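A.B. asks: Okay, handing you the structure first.
The values are calculated or read from the model by the stated rules, or taken from the named source; none is laboratory data. Worth saying up front: this structure is predicted, and the values here are computed from it rather than measured. Virtual Cβ from ideal backbone geometry, glycine too; neighbours counted across all protein chains shown.
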Amino acid sequence: MTLPGTRNPVNRITLVPAIGRDALEYRDPQHPDLPLLVHTYRPAAHGPDDPVVLVQHGMKRNGDDYRDFWIDAAEKHRLLIVSPTFGDAAFPEPENYNNGMVVASDGAVRERADWLYAVLPRIVGALRAGGVTRRAQVRLFGHSAGGQFVHRLMATQRHALYESVAPANSGWYTLPTLDRPFPEGLGGLGFSSADLARWFDYPMTILAGERDIDTSDPSLPANPEALAQGPTRYARAHFFFETAQREAERLGVPLRWSLTTIPGVGHDGCAMGKAAAAIWFEGRVPAPEELFSVAKSVA
């Protein structure tokens, strides 16, 4: 069975997106019974040596929207946009998306190859196998639940594939400590202080919308661990960064992360994506008026 609106047959490990918008079914070798969609946008001018941007959707599992948010940047900068979409049917609840299927329902830690964070390099491999890209590295952006997915990926995976990484407006964070269990911290997963130092050494850019301060948002995580990080997503981003500063100092290692406020923007995946594109490909934080006209409050 092939998912509606997709072209690729089941179990195909070569991905060849069409020019323009496309949606391809992908079955990961570690999760063959859990189909996911890979929404793409491929400009006619994009060549195999041009940049690739992976875009992780929010809690609505709307990878098609997140792909579309990046179309203007894709055309301007010749970007291949790839939005792996972990649908609710196959990957229900935060445990099976935001938290990466790291911990099973019985509390056991799954094999690392089965963590969803390990799927993205295999998707990039399928694009390379299709001749769509020859890039050694790709860029990675995620908003809201996608921001949770992205920063937890960076905490637990190798970094060589990722040229630049920007989690944006995450609902709450996995703290860089071994003293708290996952997903609140990295305890219980077999990591060490050396793994924390490795994470600190990657120049991850945390993006925080200045107006992402709505405490009544029903999608704002309200579990005790999240509330302990602050009342709003904006506050929690600062708590996360400040915790990293203290932990890096305690370990005596450098912290190469940065925290960038996007002025005038709230919880908006479209505006934050456009801000990330401007930071990466134009070296600037855009003014709010550039983003208001495209703002869409989509988590």
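A.B. asks: Among the residues that make up the range 245-268, is at least one of them in a loop (DSSP other than H, G, I, E, B), surrounded by fewer than 20 Cβ atoms within 10 Å (Cβ to Cβ) and touching a Cys at 6+ places or on another chain (Cβ under 7 Å)?
C.D. replies: No, the range 245-268 contains no residue that is in a loop (DSSP other than H, G, I, E, B), surrounded by fewer than 20 Cβ atoms within 10 Å (Cβ to Cβ) and touching a Cys at 6+ places or on another chain (Cβ under 7 Å).
A.B. asks: Inside the range 50-82, can you point out the residues that are within 17 Å of GLY146 (Cβ to Cβ) and either assigned to a strand (DSSP E or B) or at pLDDT below 95 (or both)?
C.D. replies: Once the filter is applied, which keeps residues that are within 17 Å of GLY146 (Cβ to Cβ) and either assigned to a strand (DSSP E or B) or at pLDDT below 95 (or both), the range 50-82 yields VAL52, VAL53, LEU54, VAL55, GLN56, ILE81, VAL82.
A.B. asks: Taking the conditions exactly as written (assigned to a loop (DSSP other than H, G, I, E, B), surrounded by 14 or more Cβ atoms within 10 Å (Cβ to Cβ) and polar (S, T, N, Q)), does THR177 satisfy them or not?
C.D. replies: Spelling it out, THR177 is indeed assigned to a loop (DSSP other than H, G, I, E, B), surrounded by 14 or more Cβ atoms within 10 Å (Cβ to Cβ) and polar (S, T, N, Q).
A.B. asks: Quick one: in the range 120-164, which of the residues that are among the polar types (S, T, N, Q) and outside any helix (DSSP H, G or I) is nearest to the chain's Cα centre (by Cα)?
C.D. replies: SER144
A.B. asks: Could we say that LEU207 is outside any loop (DSSP other than H, G, I, E, B) and buried (at least 24 other Cβ atoms within 10 Å of the Cβ) here?
C.D. replies: Yes, satisfied.
A.B. asks: Looking at the range 128-164 only, could you name the residues that are crowded, with 24+ Cβ neighbours inside 10 Å, farther than 20 Å from GLY187 by Cα and among the hydrophobic types (A, V, I, L, M, F, W, C)?
C.D. replies: LEU140, PHE141, ALA145, listed by residue number.
A.B. asks: Filter the range 180-204 down to the residues that are assigned to a helix (DSSP H, G or I) and either within 18 Å of PHE239 (Cα to Cα) or out of contact with any His (no Cβ under 9 Å at 6 or more places or on another chain) (or both) and list them by number.
C.D. replies: SER193, ALA194, ASP195, LEU196, ALA197, TRP199, PHE200
A.B. asks: Given the residues ASP28, ASP72, ASP49, ASP65, which is the only one that is touching a residue at least 60 places away in the same chain (Cβ under 8 Å), surrounded by fewer than 24 Cβ atoms within 10 Å (Cβ to Cβ) and within 20 Å of ASN169 (Cα to Cα)?
C.D. replies: ASP65
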